[in-house]
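Colleague: Have a look at the structure that comes next, please.
Any read-out appearing in this document is the output of simple, stated calculations on the displayed coordinates, not a laboratory observation. Treat the numbers as computed from the prediction; the structure is a model and nothing was measured. Cβ atoms come from the backbone with ideal geometry, glycine included; neighbour counts cover every protein chain shown.
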Amino acid sequence: MAMVYAVGVGPGDPELLTRKAERILRSADVILAPVSLPGDASVAHETVKEFVDEARQELIIHQFPMTSDKSRLIPAWQEAAALIADRVAEGKTVAFITIGDPLLYSTFIYLLRIFRENYPQISIEIIPGISSINTAAAVAGVPLAEAEEKIVIIPATAGLPAIAEALAAYETVVLLKVKPFYADILELLRQTGRSESSLFVERVGSARQLILSDISAMAAHSPDYLSLMIIRRP
Ligand SMILES: C[S@@+](CC[C@H](N)C(=O)[O-])C[C@H]1O[C@@H](n2cnc3c(N)ncnc32)[C@H](O)[C@@H]1O
């Protein structure tokens with residue numbers, strides 16, 4: 001039956017795709033991969049390249065601007081939803097691929113809302129993916145939480161006061177989207193005695209993976225968008 005799958009493809013390592021994700025990607029008629037900038041490589045597409053046969057399957061690279069400006073985002077989501085709905089109306093199965101997990105800070109969440117509102121007749125199945133957080137913890141061998149410990153995930157865009165509050169309340173704080181506030185975050189970690197218990201992880205699961213546990217090495221590094229931090233209470 002023609003339908004839409006949201007497929008979490010994990011953090012960038014093709015071996016970290018689930019068997020279900022691989023099966024759906026091999027059989028879908030259309031694969032839709034998001035990018036932020038025109039001409040950019042799609043990390044999700046790079047991850048699944050070996051499972052997609054472009055001679056048989058249609059690959060659509062769709063641009064979703066990296067902005068919080070809703071007047072630019074909403075048209076991009078609506079355009080993608082319409083594009084997918086057109087393919088489904090033709091009897092095709094569409095796989096929307098997303099890095100990590102589709103329901104964790106992913107563009108797919110906005111699309112899901114549009115589908116539920118504007119195309120309720122289309123069936124959607126969500127295939128969970130291994131998130132960047134789980135992968136980062138695994139490669140570094142750092143526990144995320146144990147026993148009665150509490151853990152929180154915060155996009156650094158929530159602001160420094162929110163991060164400071166979280167550090168006081170939770171044993172583990174995971175920061176996503178650290179790039180724009182990196183220097184301020186490092187300063188906060190120093191001030192709150194977290195210099196020895198923080199981990200910086202960039203491009204986990206890819207050939208460019210970088211793991212830093214030394215705060216001076218972190219300070220000397222310029223992070224890219226695909227980087228996160230795991231901060232444990234000392
Ligand atoms: C829009 S969120 C997507 C999260 C994704 N859905 C997941 O489950 O991991 C983007 C943020 O996730 C983190 N991220 C995603 N992939 C990553 C990777 N391969 N290595 C390190 N951090 C990553 C970064 O903090 C990045 O700014």
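Colleague: What is the sum of charges, Lys and Arg at +1 and Asp and Glu at -1, for the other residues whose Cβ falls under 10 Å from the Cβ of LEU160?
Modeller: -3
Colleague: Of the peptides 192-204, 58-70, how do they stack up when ordered by the mean number of other Cβ atoms within 10 Å, highest first? Please report the intermediate quantities before stating the final value.
Modeller: Details: 192-204: 19.6, 58-70: 13.6.
Per-residue Cβ counts within 10 Å, averaged per peptide and sorted highest first, yield 192-204, 58-70.
Colleague: Related question: Can you return the aspartates and glutamates within cross-link range of LYS92? Criterion is Cα-Cα under 13 Å, with same-chain partners fewer than 8 residues away left out.
Modeller: Straight-line reach from LYS92, under 13 Å: ASP29, GLU58.
Colleague: Moving to a separate point now. Can you compute the charge dipole magnitude of the range 183-234 about its Cα centre, using +1 on each Lys and Arg Cβ and -1 on each Asp and Glu Cβ, nothing else charged? Give it in debye, rounded to the nearest 20.
Modeller: The calculated dipole for the range 183-234 is roughly 180 debye.
Colleague: Continuing with this model, one more query. Considering only C-alpha atoms, what is the centroid distance from the range 1-71 to the range 114-193, in Å?
Modeller: Comparing the Cα centres of the range 1-71 and the range 114-193, I get a distance of 23 Å.
Colleague: In whole Hz and in residue order, list the ³J(HN,Hα) couplings for the range 102-111 that follow from phi through the Karplus curve 6.51 cos²θ - 1.76 cosθ + 1.60, θ = phi - 60°; x for Gly and Pro.
Modeller: After applying 6.51 cos²θ - 1.76 cosθ + 1.60, I find x, 10, 10, 6, 10, 4, 4, 4, 5, 4 Hz.
Colleague: Follow-up question, since we're still on this one. Quick one: which of 111-121, 78-88 comes out on top by average Cβ neighbours within 10 Å, and what's the full order, highest first?
Modeller: 78-88, 111-121
Colleague: Further question on the same structure: Skipping prolines and chain starts, which residues have an amide H placed within reach, meaning under 5 Å, of the one on TYR5, given they are 5 or more residues away or on another chain?
Modeller: The list, which skips near neighbours in sequence, is VAL94, ALA95, PHE96, GLU125.
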